[in-house]
Amino acid sequence: MSDPEVPPHTDDGQRVSPERPGVPPQADDWQRVSPKYVGVEIVSAAIGALVLCGITVPFIVLGTWFGWPALGLAVVIGVLNLAFAPRRVRSIGYRLRADDLVFRRGIMFHRRVSVPYGRMQLIDINRGPVARALGLAELKFVTAAAATGVSIPGLVESDADALRDRLVSLAESRRIGL
Amino acid sequence: MSGAPEVAGAGKAGRPDLADGEWHRLHPATPLLRGGIALIAVLGFALANFRERAVELLFGGPVPDDPFQTAYERGHLGWVGLALVVGLLVGIAGFYASWRMHTFRVGDDVVEVRSGILFRTHRRARLDRIQGVSIARPLFARIFGAAKLDISVAGQDAKVQLSYLGSTDADRLRREVLLLASGVQQSEADRTTVAAAADLSATAPGSAAAVAATGQADGIVHQRVRELLAPELDPSAAPPESVVRIPPGRLIGSLVLSGFTVALLVVGAIVVVASVTGRQELLVIILVPGVLAAGGYYFNRFTKSLRYSIAGTSDGVRIGYGLLSTSNDTLPPGRIHAVEVSQPLLWRPAGWWMIRINRAGAAGEASSQTSTTMLPVGTVDDVRRVLGLLLPGLAGEQTRELVLAGLVARKGGGFSAAPRRSWPYQPLSWRRTGSAITADAVLLRSGFVWRHLSIVPFARVQSLRLTRGPLHRALRLSELTVHTVAGPVRSNLPALDAEAADESFEAWARAAVRAAAADTAHRWAAHPQATAPDVQLAQTVAPEAPHADPIPPRPGGDPA
């Protein structure tokens, strides 16, 4: 199914890598997102941790016995979350194969989605405040199935635009019905 | 095209062709049928209040207090009457104007509807995007010989609704819309329409024969009666015999053995216990409305599923329902995104199954319950016939075995199996959970107590997802999900061997791409390799009428 006119970083649709099951594929042909995206992850993890800690404050003020332990737990969770942010970002990857887009993310809850280009209904590009400050954008690939949920965060803005145009033209050349 | 001949014996003489690309209006009784209830309510209110006055005028006698009485005493009756009349006139004028402004047009590629008086709406739908055409005849409209034609396309609330049309006009328009959508050349479409129309007058088969014979007599009463008694499946466009019959007894049995009944019994037991232990008022408060509601539910479900019929036509599968208010739905080939055959525990002794589908544009609708149920209850044989209609690719001998294994086998039978260590996810059904693929579809089997078999044609797969959580990882398992458009069908396997899941993921992704590239179902009759419904499975189906040969011969019929 290899197609010469398609991008340099596609492969012939073979298995990802002969990895051991349970371990995310380590093959090199995965496109990674920008390392700067760690910044976005850290900010959102920090906000999450602050909110978590904030929830425990009333219990401490009220003097319940579990107030302080809860705060401790929240801090531990927050720190772990922060510590794993770079690892989490590294786990995000996508590949443009001859006829479909494969997307993966997650360490604890790993997931991998394959979407044929022709299934594209529309593509969104979103920029959050932090991502915008870092010059990043998120690309969302929408199909007729609501559950597909492929969104590639942490792309450099120009890359996101280029990728969108590529995906649109790929979808156009492989246009199929619903 | 303007010379399209009239439908002999079916339509009224001089009625123009509705699919000729010109603007047409709806049935003249439309305002009455749509706003009919409100109008009648106003009239009823007026009459109810005038009744006393009329009684008094005619016979003399006591007059109770009412608004008209007060008005009469003050000498304002004329004004009240005038206001009422003006109100009615304005209402009628409004309805009339909205009827005048509501027009539709069916061209070669699009169907368009314009409506609204102050806020104009103009909706266009491409014919090759049609997901289904359904004709509904609510009881009230049926009496007037009117029908509602819905042309649905994919998307939330995205349908072109023509309510109401004359009953025979609706049938004719559906045939023409489907022909135009199928990609058959226009001249052929005309010829086929003629042929089909000729069929209608020539071969009125089965139970319709007697009715149709008398139907030649003039008179609107005869016509109404004929339309009311006519079979739900238009004999010219569908083989006259439904491939499945549901005896009323089985339908009642399936309703009695439903989950609803179990819930009802539990609630009933609680109420009885509670009332026996001293709270008698509970009995009255809950029991009376409860019994009424339950009775209504059963009656509704029963009448809706009665007279169920399903048959393959050249333009897809047609499903008819309903006793008092009838509806029937045509699903062109390739519009079925996933099929699920399931069996609740209580149905198992009887060996009954139910078939539901995912289709684009049906999710979130009030009527989605019926529009996604393809077989309310049926035996394994019925399931096989219906599946053969819905997914012609499953008709082959081998795949038939596979489907049977998918339904009843406890393990194996050509399906991959989940490993024993997956029991935390599926304590009873791990042996049964598995998948199999045919040339053009993937079959997912699961459920020990509530058996499921989901079938997704590769050409309709939107995406695939493989998930692996912490517990999955510890047990070397993966979850595999096939995404299709929203609907009642669940298409995932909660736990598979991780390596097998990886392989399936890649293989299915490739198969989906291949199948989608080869798929031409959106113009199902324009390409010789289009997937026309295969009636080979259904022995009861009569061969297609010889007149209708402009439609390309069916390809899928080769015995595999």
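We did not get these values from a lab; they are worked out from the coordinates using the rules stated. As the structure is a prediction and not an experimental result, all values here were calculated from the model. Virtual Cβ from ideal backbone geometry, glycine too; neighbours counted across all protein chains shown.
Taking Cα centre as origin and charging only the Cβ of basic (Lys, Arg, +1) and acidic (Asp, Glu, -1) residues, the dipole magnitude of the stretch A:93-173 rounds to 380 debye. Other residues within the sphere of radius under 11 Å centred on the Cβ of B:Ile246, judged by their own Cβ, net out at +2 (K and R +1, D and E -1). Cross-link partners of B:Lys159 among lysines, defined as those whose alpha carbon lies under 29 angstrom from its own and excluding same-chain residues fewer than eight positions apart: A:Lys140, B:Lys12, B:Lys148, B:Lys304. Remark: the stretch A:100-117, residue by residue, has Karplus-estimated 3J(HN,Hα) of 8, 9, 10, 10, 9, 6, x, 9, 5, 10, 7, 8, 9, 10, 10, 10, x, 4 Hz, where x stands for each Gly or Pro and the curve is 6.51 cos²θ - 1.76 cosθ + 1.60 at θ = phi - 60°. Proximity of backbone amide H atoms, modeled 1.01 Å from N, is registered between A:Ala98 and A:Asp11, A:Gly13 at under 5 Å, excluding neighbours fewer than 5 places apart on the same chain. When B:Tyr425, B:Tyr308 are arranged by Cβ crowding within 10 Å, least crowded first, meaning fewest neighbours, the order is B:Tyr425, B:Tyr308.
Protection proxy ranking for B:290-302, B:326-338, B:342-354, using the average of other Cβ atoms within 10 Å per residue and placing the highest first: B:326-338, B:342-354, B:290-302.
Sorting B:145-152, B:513-520, B:89-96 by average packing, meaning the other beta carbons within 10 Å per residue, from highest down gives B:145-152, B:513-520, B:89-96. Sorting B:Trp524, B:Trp450, A:Trp30, A:Trp65 from the fewest to the most surrounding beta carbons within 10 angstrom yields A:Trp65, B:Trp450, A:Trp30, B:Trp524.
Amide H contacts of B:Gly361 (H built 1.01 Å from N, in plane; Pro and chain starts excluded): B:Gly155 sit under 5 Å, all sequence-distant by 5 or more or on other chains.
By the scheme Lys and Arg +1, Asp and Glu -1, what is the net charge of all other residues having a beta-carbon under 12 Å from that of B:Leu255? That works out to +3.
Neighbours of B:His122, meaning other residues whose beta-carbon lies under 9 angstrom from its beta-carbon, give a summed charge of +3 when Lys and Arg score +1 and Asp and Glu score -1.
Rounded to the nearest 20, the Cβ-based charge dipole of the stretch B:337-518 about its Cα centre (Lys and Arg +1, Asp and Glu -1) stands at 440 debye.
Neighbour counts of C-beta atoms inside 10 Å place B:Met374, B:Met101, A:Met108 in the sequence A:Met108, B:Met101, B:Met374, starting with the fewest.
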